[in-house]
Protein chains: 2
Amino acid sequence: MAGSTIYDIAKKAGVSIATVSRVVNKSEGISEETREKVLKVADELGYYPQAYAQGLARKKKNIIMVVVPVLSNYFFMEVLEGIQDEISNHNYDLNIFNIQGKSDMFSQVENIIKRQWADGYLFISTHLRTEQLNKLKSYDMPITLIDEAYEDMDSVLVDNEKGIEQAMHYFLANDLNRIGMISALKSSKPGQQRIQGYRKALAEAGVEIDDKLIVTGDSMDRDGFSEKNGYEGMNKLLDLENPPEACFCASDIQAVGALKAMEERNVKIPIIGYDDITISNYIGLSTIRQPMHEMGSIATQMLVQRMQDQELSPKQKVFSPELILRSSTQLKALAKGES
Amino acid sequence: MAGSTIYDIAKKAGVSIATVSRVVNKSEGISEETREKVLKVADELGYYPQAYAQGLARKKKNIIMVVVPVLSNYFFMEVLEGIQDEISNHNYDLNIFNIQGKSDMFSQVENIIKRQWADGYLFISTHLRTEQLNKLKSYDMPITLIDEAYEDMDSVLVDNEKGIEQAMHYFLANDLNRIGMISALKSSKPGQQRIQGYRKALAEAGVEIDDKLIVTGDSMDRDGFSEKNGYEGMNKLLDLENPPEACFCASDIQAVGALKAMEERNVKIPIIGYDDITISNYIGLSTIRQPMHEMGSIATQMLVQRMQDQELSPKQKVFSPELILRSSTQLKALAKGES
DNA sequence: CTGAAAGCGCTTACAG
DNA sequence: CTGAAAGCGCTTACAG
């Protein structure tokens with residue numbers, strides 16, 4: 001039963017392979033009689049066209065491929081949900097290609113494109129350099145970037161700086177000037193951007209920046225976007241001689257860790273995360289919302305369009321982040337007033 | 001630059017396609033001179049072998065494919081992390097195939113196998129029926145099941161009932177007899193199993209079972225394994241005339257929702273979840289740990305072994321779940337003593 | 001060390 | 001309505 005080919009079916013059904021192919025692909029103009037005969041044999045022998053042979057012959061794979069550096073990440077998971085939902089409206093299968101952290105990321109990404117795995121690609125948080133994106137562009141493959149800006153390709157992203165600004169403004173407006181920042185790894189692009197946003201917002205407000213308030217945990221997993229990293233980061237902040245009176249985290253998942261550190265030490269300062277992953281609503285975490293689900297579905301739509309017409313001019317979709325206030329920032333009264 | 005083939009390279013470099021193939025595949029016995037010449041041209045033209053053509057010619061894809069019904073799920077994410085880690089020790093690429101919820105799941109799964117996408121498959125939580133697994137078995141492809149039991153294939157799973165038993169024993173031993181159960185959708189296999197474990201444990205302890213205490217939320221997303229579902233479930237429990245004095249949740253993520261419902265209503269009863277996803281530790285949720293990461297890596301190891309020798313007899317790896325006590329069960333004093 | 005040729009399993013004009 | 005044949009882009013014995 002294993003591994004029967006179109007030849008086996010043709011032989012057993014007493015027809016040509018062309019006929020088998022037509023039946024299996026539901027082409028028109030096949031007599032009902034042969035159709036049934038072929039289908040019966042195909043079912044008996046467990047036949048269905050091999051993807052690789054079919055893809056080669058057709059020069060079309062019917063696959064949309066998501067390319068990601070790290071799979072186990074909440075942001076990614078929720079974006080993916082949006083992709084999944086949207087893709088179910090189209091006739092494509094979804095494949096995810098996990099690029100391994102070890103060797104050079106760009107060469108891996110480049111090879112994926114060269115190898116022509118799919119008809120179109122969704123790159124999530126790959127954070128490539130402009131010259132690298134230019135190179136990719138030259139392969140002339142439909143690609144949509146998510147969480148990454150590049151004007152010569154379709155991309156959907158969120159205005160990071162603006163989001164952070166909102167968080168900062170909120171703190172400052174509430175008279176909280178000494179604001180800690182728990183960052184992700186500085187080597188990660190969004191990590192950098194968020195730090196920059198932090199600095200910029202403070203600078204504009206005329207608040208002096210204390211570099212000691214910008215920390216990250218020691219856990220490098222997931223580029224530092226982890227509970228553990230946030231936990232460690234908050235502990236560093238609280239160990240400071242002059243600890244912050246509020247805190248901004250580069251991601252909700254870090255904030256989860258930070259919250260725990262606070263609880264253990266029995267201190268409470270207002271804290272704002274970044275992302276608005278689903279749990280944040282349930283644990284009362286204030287945050288900057290990125291519309292992850294929508295980002296995924298919009299990106300998929302854009303990609304599908306481009307696959308139909310590669311001549312379209314590149315589109316950017318920049319979402320504005322939104323500050324969501326929950327209980328984690330309602331501690332001001334507690335912290336200042338009541339204590 | 002886009003889409004050059006081995007013929008283009010051969011022509012431009014003035015060699016045969018066989019030579020190009022050998023150079024690109026790093027075969028031995030190629031003069032340094034031609035090697036360099038070919039490599040130079042290949043680089044200029046951005047050539048790398050097309051995956052589909054190569055796979056067809058070699059009859060080997062070098063791909064391990066993970067097949068999952070629902071991507072955005074914490075259990076899956078953590079299992080995946082283990083898979084990812086282990087796979088980086090081997091020379092395979094990782095592909096994830098997302099089967100769409102809409103049409104018949106089994107026929108989709110069957111087609112994936114028939115289409116020979118990969119050299120080996122990891123099925124996570126597909127929960128197929130025995131006859132279906134028998135059918136899959138007949139295709140004679142290396143498959144390892146995760147979170148699913150079937151004695152004729154390699155599989156790694158956790159003894160669900162035993163886990164639930166532990167939670168129940170803990171409650172009962174602490175004099176908590178009226179135990180609520182927030183279940184996932186009853187149509188899901190693990191959902192069922194967990195309800196069964198609940199009933200069994202109570203029956204063995206001679207505690208009368210009140211069916212009103214077994215609830216699920218109205219949110220059907222992710223088979224009911226969601227925050228929202230847990231939130232709704234807990235609200236139903238607390239709306240009961242005679243609400244439970246403790247609660248068991250079919251997953252941690254549901255417990256997160258349940259916790260919120262309790263907080264809003266300002267009630268606290270001991271609660272135990274299931275899975276031990278990373279955040280649970282940070283929010284103090286007691287739970288039954290499934291070693292997800294390890295399950296992923298062990299399953300991958302088993303699969304790789306089987307890909308080397310399809311004659312191996314099927315192995316089962318059954319993990320014992322472990323009760324992890326955290327603050328969410330330390331409320332007994334509060335609930336009973338102090339109030 | 002290198003090339004000509006067969007073959008991998010399909011699809012799809014082209015004929016009939 | 002059906003088949004013979006070329007072609008998709010590779011790999012790999014086989015010869016030399």
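So, how do all the Cα-to-Cα distances of segment A:19-114 break down into 5 Å bins, in percent, from 0 on up?
Each 5 Å bin holds this share of Cα pairs: 2, 10, 15, 14, 15, 14, 10, 8, 7, 4, 1, 0.
Show me, for segment B:55-71, the HN-Hα J-couplings you get by feeding each phi into the Karplus relation (A = 6.51, B = -1.76, C = 1.60, θ = phi - 60°), rounded to Hz, glycine and proline as x.
My calculation for segment B:55-71 gives x, 5, 5, 7, 6, 7, 9, 6, 10, 9, 10, 9, 10, 9, x, 9, 7 Hz in order.
Calculate how many DSSP beta bridges within the protein assembly as shown are antiparallel, expressed in % of all such bridges and rounded to the nearest 5.
Taking every DSSP beta bridge within the protein assembly as shown, about 15 percent pair in antiparallel fashion.
Is the C-alpha gyration tensor of the protein assembly as shown telling us rounded, prolate or oblate? Criteria: a/c under 1.5 is rounded; beyond that, a/b larger than b/c is prolate, otherwise oblate.
Oblate.
Using Cα atoms only, what is the angle between the long axis of helix B:292-308 and the major principal axis of chain B, expressed in degrees (0 to 90) to the nearest 10?
40
Please list log₁₀ I(q)/I(0) at q = 0.11, 0.13, 0.14 Å⁻¹ for chain A, using the Debye equation with identical point scatterers on the alpha-carbon positions.
-0.77, -0.96, -1.06
Does anyone have the angle between helix A:32-44 and the longest principal axis of chain A? Alpha-carbon axes, 0 to 90°, nearest 10?
Approximately 60 degrees, to the nearest 10.
If you wrap a convex hull around the Cα atoms of segment A:68-219, how much volume per residue is inside, in Å³?
Per residue, the Cα convex hull of segment A:68-219 comes to 141 Å³.
Report, by chain and number, residues whose modeled amide H sits under 5 Å from the one on A:L122, excluding near sequence neighbours (fewer than 5 apart, same chain).
A:M65, A:V66, A:V67, A:T144
When you take every Cα atom in segment B:6-49, what is the radius of gyration, and what is Dmax, the widest Cα pair distance, in Å?
Expressed in Å, the Cα Rg and Dmax of segment B:6-49 come to 8.8, 24.
In nm, what does the list of distances from B:K137 to its counterparts in the other copies look like, shortest first, when each label sits 7 Å along Cα to Cβ?
Its label point is 5.5 nm from the equivalent points in the other copies.
Hey, what number do you get for chain B at 222 nm if only DSSP H runs of n ≥ 4 count, each worth -39500 (n - 2.57), divided across all residues, to the nearest 500?
So the helix-based figure for chain B works out to -13500 deg cm²/dmol.
Tell me the angle of helix A:252-265 to the major Cα principal axis of chain A, expressed in degrees between 0 and 90 and rounded to the nearest ten.
40
Along Cα→Cβ at 7 Å, what distances in nm separate the B:K162 label point from those on the other copies, shortest first?
In nanometres, ordered from closest: 5.4.
Inter-copy label distances at A:D218, 7 Å along the Cα→beta-carbon direction, one decimal in nm, shortest first?
5.0
For A:S155, A:S31, what ranking results if the residue with the fewest other Cβ atoms within 10 Å of its Cβ goes first?
Ranked by crowding around the Cβ, least crowded first: A:S31, A:S155.
Values quoted throughout were computed directly from the atomic coordinates according to the rules given, and no laboratory measurement underlies them. Keep in mind that what you see is a predicted model, and the values were worked out from it rather than measured. As a convention, Cβ positions derive from the backbone with ideal geometry for all residues, glycine included, and neighbour counts pool all protein chains shown.
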